[in-house]
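This report concerns only the one structure given below.
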Amino acid sequence: MMSNRTKSNLAELLPLRPVEFLVLLVLADGERHGYGIVQDITERTDGTVKLLPGNLYAVLRRLMECGLLVEAARRPAADLEDQRRRYYRITKAGQKVLAADAARMKDLVQQVESRNLLRADA
Amino acid sequence: MTRQTPRSPRVSAGETLYRLLLFCYPADVRKSTALDMLEIFRDMCSMERRRSGAIGVALFTIRACAEVPGKAIQSHWGRRSVVRANAPQRNSIPSRHKFGLDAAFMDIRFALRSLRKRPLFTIVAICTLGLGIGSATAMFSVVDGVLLRQLPYREPGRLVTAWIGYPSRGEYVNFTDDQYRLWRQNSTLFQDVAIYNANAWGHGTLTGSGRPERVSLGTATASLLPVLGVESSIGRWFSPDEEGTEPGGAAPVVVISHEFRSRAFGDERDVLGRTIELDGIKRAVIGVLPEGFRLRWLTKSPLGTREIVGKELWLPFGQSHDCIGCGSSMYQAVGRLRPNVTVEQAVAETATVLESTAFFDDMTVRLVPRHEDENRGLGQPLVLLLAATGLLLAIACGNIATLSLGELRGRRTELATRSALGASNSRVVRQLLTESLLLGIVSSGVGVLLAKTGTKGLLLLAPPVPRIDQVGVSGTALAFAVALGFFAGVLFGTAPSILAARDSIGSALRASGCTGTGRNRHFQNSVLVLEVAFTAVLLVTGGLLTRSLSGLLGVEPGFNPENMATAHVSLPEVRYPTQVSQTLFVTEVIRELKAIPGVQAVTAANNLPFPGTTAGWGVRDEEADPNLPRQSGKLFHVMPGYHEMMGIRLLDGRTFTEEDHLEAPSVALVGEEFARRLWPDGSPIGRRLVYPWTTVTVVGVVADVRRETLGSSPEPVFYVPFSQFTRSDVSFAVRTSGDAALVLPQIREAIWSVDGDLAITQSGTMASLVARSASDERYRTLLMSLFGVLASALAAVGVFGVTARAVAHRTREMGIRMALGASDTGMVTTILRGSIVTGLIGIGVGIFGALWLSSGLSDLLFEIEPSDPVTYVAVACVLLALCVFSSYLPARRIARVDPVEVLRAE
């Protein structure tokens, strides 16, 4: 589905929801299973974002529907337990959307900085 | 999924719940992700356990489980909303509008607008749900006030009521005073024990201030109030030295009820030390009981089947009527267990302590928690009625669910457009649920208003039950109503939202909402089946109770209650100390009564049937072994001609005559049941009957009479002539030629013409007393029938609505069929067939369910089986007729369809 998406199609998906952004960001580092994603997000946000299973899979399904991530075919062999789990991988389109959203946010941050609103005590 | 990690029981239970909740997801989503979600759930539980222990796991489980239904609904919606996926502004709404209070207020505002645009639907939904919630809340208020509220005693959980039982004889009796003393001295597991005598016939006459007044009174030991944990509101309760050790030996003091104080002394604060004259004896008031204090004693009262004993005056144990050392089991016993003592331990100890006082070898002790004892006989009927209102509410929810589905079908275009314009799935689903919840909450407000009126109605009709005067729509009942509204909103809102979500919005836009889906029809039919089934259950229950009541009221009482008036007096021993003076009074009153115009016959007895409560005695044949168990029999003192006047049949021998006077040989008549038990093989005529203080010769056998209720079995009774054995309690029965109620004032005047200082009670017609004896049965039958009728009306509306929608959605199909030559009748039959099949399935399910549930009704039914085929067949026929009628009305519209118009519209 995603292979047919044009650049303008991808732009329609912006802005990403914070949770969608975080999931794509975690997967940009490599394949993860569901619990791995939850743990990574918890660590990255210092525990301020704690995904529950229902919400996580709703986000994963939505991102897969949009072609931003896919289920990985291969499994790491090191951990037998991990072989049963589904792994997820970010797609090229996902990387593009992630980058585009990050650029959008960067632009916004720059605008804030230019107005000297980002102070140390903020 | 088979990982064997140790888990706490809380996690296992949470896992099970979570696993069940996952079934809310669509099947394909469940297959693809449920195992993973469960695995993550377990991992996160383990993590929470490491971090925060069991509490963390519990909190996480609650959060995770609460999240599933909403996500599942989104999932149902999202699978079909193709339009949404391409929405250009999908994520453009700022997040503060998607979540939080802003969004909630937006939803509520939109829901209000949406509901205002559909006033008919809104009014119907609120009225229907309000009716369901109102009836359930009113019934809950009664159950809460009577059954659930704690008794007004300190630590009521430690209070028990005690009986002595002889299982082989099927008898449970109260305590004798000797047993009480033995129990109190030797028991180690009770903090204290007490006895009291609060029988229904405990009354006295208050004189000395104007018109004599009959007041209820009880006697009790000094330990009663400390055992109950109740304190006098003014003054004090009795002290042990005020009790008497022989009849009449108690101190002349009295403790009065709050209600009596208000009535007798008004606002006067200083009532302590005041004297009142009771049965000719002056007694000093030493204390006032707290407001509402009453001890329940299950009995039959003249004005109903059960009396709540709120005695007005309490006297210390040791009054002249107290049976001290005579071995009479006339005292109700109550004990307070020590902390951490179980009822079983107390039973064992009490049985050992009282072993030496046993009348028979198989003596047992029965201790029942006070709460259970005071609510005896009430739980089942009240819970039955509450369950009935629950079914009524479920039917109302079913109606609104099918109605909502029809509405949503009509709104598919609106919903699809909103989705296409950028509303997310969750937003639309949340919006629909907000509308449902809003309806539910508003309905609960209407329900509360109805419940306030309904509770008043319930109390007005209710037979006397304990604490009924304290029943009202309390805070608990209000919370119950709001919870019901919320629950109802979710119940009827969720399923239609999911089903609406499942419909393709794209197809909705194309088809303009003209077609229904098979899944929706299936849902509607399922709801309809349940509605009809619940209605069948209610109608069967109401039908069984109605037939039972009808059978009960058709019972021959064994005497003729028509055109009979009654009045009762108690003769004070001070003024009527001898048999002669008592007999003289009765004879004079009878003469005065006979002089009243329209009076045909008059008689008197110590007590008349309904209530027919009187003392029971152990009696035996003179020739029988004195060591053998005695036969218990109830004794009635009656005037000559009593049986003829009452219309009680003589079966053998003779009745009493004027010749059976004080100097004549002592004689007795026995009832049929009494004769059967004592002399199963021979005639009782001429046999000598021994009872505690004398021996009498049996001169006749009379037919048995229903005495307490029409449903009660005939008891063994025997009669002695009033002239030979007088009593201070006298009931007069007057047979009139016309309406007995008209002579009641004259009866009172006639009695007062003989003695103006007597209080008259139980003044009424015998027919009304007989009818009121079935007040419990009449009450529950009336309510259950009312619920059945309401359920039928709701079910009929449900069938009507579903059929009407089926007609509307099949108009095009029917138009084409008609164009092809199908007849009107065939068309109507096709529509009717669907409704009738649904109705038949519902009736089948309901009849089966009622058969299964009705076994629990057997205690409430009189001479009718819970599986009574007549009731079931009648209910099935009524419901079938209802289904046919309510589906025929909309179905006949199909015959008016113009095929040309339909085809032109295509």
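The values are calculated or read from the model by the stated rules, or taken from the named source; none is laboratory data. These figures come from a predicted structure and were not determined experimentally. Counting neighbours? That spans all protein chains shown, and the Cβs are built from the backbone with ideal geometry, glycine included.
Of all the numbered requirements in (1) at pLDDT below 90; (2) away from chain B (no Cβ under 14 Å); (3) in a helix (DSSP H, G or I), A:Ala77 misses one, and that requirement is (3). On inspection, B:Arg735 qualifies as modelled with pLDDT of 90 or more, out of contact with any Leu (no Cβ under 7 Å at 6 or more places or on another chain) and basic (Lys, Arg).
Going through the stretch B:370-410 one residue at a time, which ones are among the charged types (D, E, K, R) and touching a residue at least 12 places away in the same chain (Cβ under 8 Å)?
Just the residues of the stretch B:370-410 that are among the charged types (D, E, K, R), to begin with: B:370, B:372-374, B:376, B:407, B:409.
Passing the criteria: B:Arg370, B:Asp373, B:Glu374, B:Arg376, B:Glu407, B:Arg409.
Among the residues of the stretch B:217-270, those that are part of a strand (DSSP E or B) and small (Gly, Ala, Ser) comprise B:Gly218, B:Ala220, B:Gly235. Selection over the stretch B:519-566 of residues that are surrounded by fewer than 19 Cβ atoms within 10 Å (Cβ to Cβ) and in contact with a Cys (Cβ under 9 Å, 6 or more places away or on another chain) gives a count of 0.
Report whether or not B:Leu783 is in contact with a helix residue (DSSP H, G or I) (Cβ under 7 Å, 6 or more places away or on another chain) and not in a helix (DSSP H, G or I). Lay out the reasoning, then the answer.
Values: in contact with a helix residue (DSSP H, G or I) (Cβ under 7 Å, 6 or more places away or on another chain): yes; not in a helix (DSSP H, G or I): no.
Considered against the rule, which asks whether it is in contact with a helix residue (DSSP H, G or I) (Cβ under 7 Å, 6 or more places away or on another chain) and not in a helix (DSSP H, G or I), B:Leu783 comes out as no.
Inside the stretch A:44-59, can you point out the residues that are among the hydrophobic types (A, V, I, L, M, F, W, C), part of a helix (DSSP H, G or I) and at the interface with chain B (Cβ under 8 Å from one of its Cβ atoms)? Hits for the stretch A:44-59 are A:Leu56, A:Ala58. Among the residues examined, B:Glu749 does not qualify as in contact (Cβ under 8 Å) with a residue 12 or more places away in the chain and among the acidic types (Asp, Glu).
Residue selection: B:Val465 satisfies the criterion of being at pLDDT below 75 and closer than 30 Å to B:Leu782 by Cβ. Is it true that some residue in the stretch B:828-838 is within 15 Å of B:Thr541 (Cβ to Cβ), in contact (Cβ under 8 Å) with a residue 60 or more places away in the chain and touching a Lys or Arg at 6+ places or on another chain (Cβ under 7 Å)? No, the conditions are met nowhere in the stretch B:828-838. When each of B:Ala66, B:Ala104 is tested for being modelled with pLDDT under 80 and within 40 Å of the chain's Cα centre (by Cα), the lone residue that passes is B:Ala66.
The condition of being modelled with pLDDT under 85 and surrounded by fewer than 20 Cβ atoms within 10 Å (Cβ to Cβ) holds for B:Gln579. Each residue in the stretch A:8-43 was checked for being within 22 Å of B:Arg63 (Cα to Cα) and either of a type outside the set (Gly, Ala, Ser) or more than 12 Å from chain B (Cβ to nearest Cβ) (or both), and 15 of them qualify.
Screening B:Arg748, B:Arg727, B:Arg688, B:Arg706 for residues that are surrounded by fewer than 18 Cβ atoms within 10 Å (Cβ to Cβ) and either modelled with pLDDT under 85 or more than 29 Å from B:Pro572 (Cα to Cα) (or both) leaves exactly one candidate, B:Arg688.
Is it the case, given these coordinates, that B:Ala416 is assigned to a helix (DSSP H, G or I), of a type outside the set (Asp, Glu), surrounded by 23 or more Cβ atoms within 10 Å (Cβ to Cβ) and modelled with pLDDT of 80 or more? Break it down into steps so the answer makes sense when it comes.
Numbers: assigned to a helix (DSSP H, G or I): yes; of a type outside the set (Asp, Glu): yes; surrounded by 23 or more Cβ atoms within 10 Å (Cβ to Cβ): yes; modelled with pLDDT of 80 or more: no.
Judged against the criteria, B:Ala416 is not a match.
Part of a helix (DSSP H, G or I) and over 29 Å from B:Gly406 (Cβ atoms) - does that describe any residue in the stretch B:860-869? Yes, some residue in the stretch B:860-869 is part of a helix (DSSP H, G or I) and over 29 Å from B:Gly406 (Cβ atoms).
Those strands (runs of 3 or more DSSP E) of the stretch B:650-750 in which at least 1 residues are among the β-branched types (Val, Ile, Thr), considering only elements entirely within it, cover B:667-671, B:688-691, B:694-702, B:717-721, B:729-736. The set of residues from the stretch B:347-401 being surrounded by 23 or more Cβ atoms within 10 Å (Cβ to Cβ) and of a type in the set (S, T, N, Q) comprises B:Thr350, B:Thr389, B:Asn399.
Screening B:Ser785, B:Ser712 for residues that are surrounded by fewer than 22 Cβ atoms within 10 Å (Cβ to Cβ), out of contact with any strand residue (DSSP E or B) (no Cβ under 9 Å at 6 or more places or on another chain) and free of Cβ contacts under 8 Å to residues at least 60 places away in the same chain leaves exactly one candidate, B:Ser712. Residues that are closer than 20 Å to B:Ala604 by Cβ and acidic (Asp, Glu) do not occur anywhere in the stretch B:669-684.
Hey, any hits in the stretch B:611-620 for a residue that's outside any strand (DSSP E or B), modelled with pLDDT under 85, among the polar types (S, T, N, Q) and within 41 Å of the chain's Cα centre (by Cα)? Full working, then the answer.
Pass one, the stretch B:611-620, residues outside any strand (DSSP E or B): B:611-615.
From the residues that got through so far, the ones that are modelled with pLDDT under 85 too are B:611-615.
Within this subset, residues satisfying the condition of being among the polar types (S, T, N, Q) are B:613-614.
Still in the list and also within 41 Å of the chain's Cα centre (by Cα): B:613-614.
The answer is yes; a qualifying residue exists.
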